[in-house]
Amino acid sequence: MNRTEDRALAADLTAIYANQHTRVLAIVARTLRPEDRAAYADDLAQDVWLMVWQYLLRGNEIRNASGLLAVFARRRVYAHYRSARVRRECATEAEALARVCAELAAVA
């Protein structure tokens, strides 16, 4: 990709961002659990814009910006909760293992 193409992509993304940022933030906030909105909405919305930039860099064209952004926003929130579940499961397993080891040490 040359600089002219990069500038064109950046201009496209800037225009889409100006028109759709509020909508993306609303979709992310609406998809998040109420207790998580304040902590994660802005960061996850920003991740959506990174996804869009990567999508454009791969040579894709955006025909329906609002539809694509809605899909990306929901996917990003779902991915956030999937990774949070994995982190919780790992932490829970580590805590359980530590508890079992402590109980075995106490018995021995």
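Can you tell me which residues in region 12-69 are in contact with an Asp or Glu (Cβ under 8 Å, 6 or more places away or on another chain) and closer than 20 Å to residue 2 by Cα?
Taking region 12-69 first, the residues in contact with an Asp or Glu (Cβ under 8 Å, 6 or more places away or on another chain) are 25, 56, 62.
56, 62, listed by residue number.
Residues checked against (1) part of a helix (DSSP H, G or I); (2) touching a helix residue (DSSP H, G or I) at 6+ places or on another chain (Cβ under 6 Å); (3) at pLDDT 95 or above; (4) not basic (Lys, Arg):
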| position | (1), (2), (3), (4) |
| --- | --- |
| 39 | yes, no, no, yes |
| 51 | yes, yes, yes, yes |
| 61 | no, no, no, yes |
| 74 | yes, yes, yes, no |
| 83 | yes, no, no, yes |
| 89 | yes, no, no, yes |
| 99 | yes, no, no, no |
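Checking each residue in region 20-44 for being more than 13 Å from residue 80 (Cβ to Cβ) and surrounded by 11 or more Cβ atoms within 10 Å (Cβ to Cβ) picks out 20, 21, 23, 24, 25, 26, 27, 30.
The values are calculated or read from the model by the stated rules, or taken from the named source; none is laboratory data. Quantities reported herein were computed from a predicted structural model and do not represent experimental measurements. All Cβ positions, even for glycine, are placed from backbone atoms using ideal geometry, and neighbour counts span all protein chains on display.
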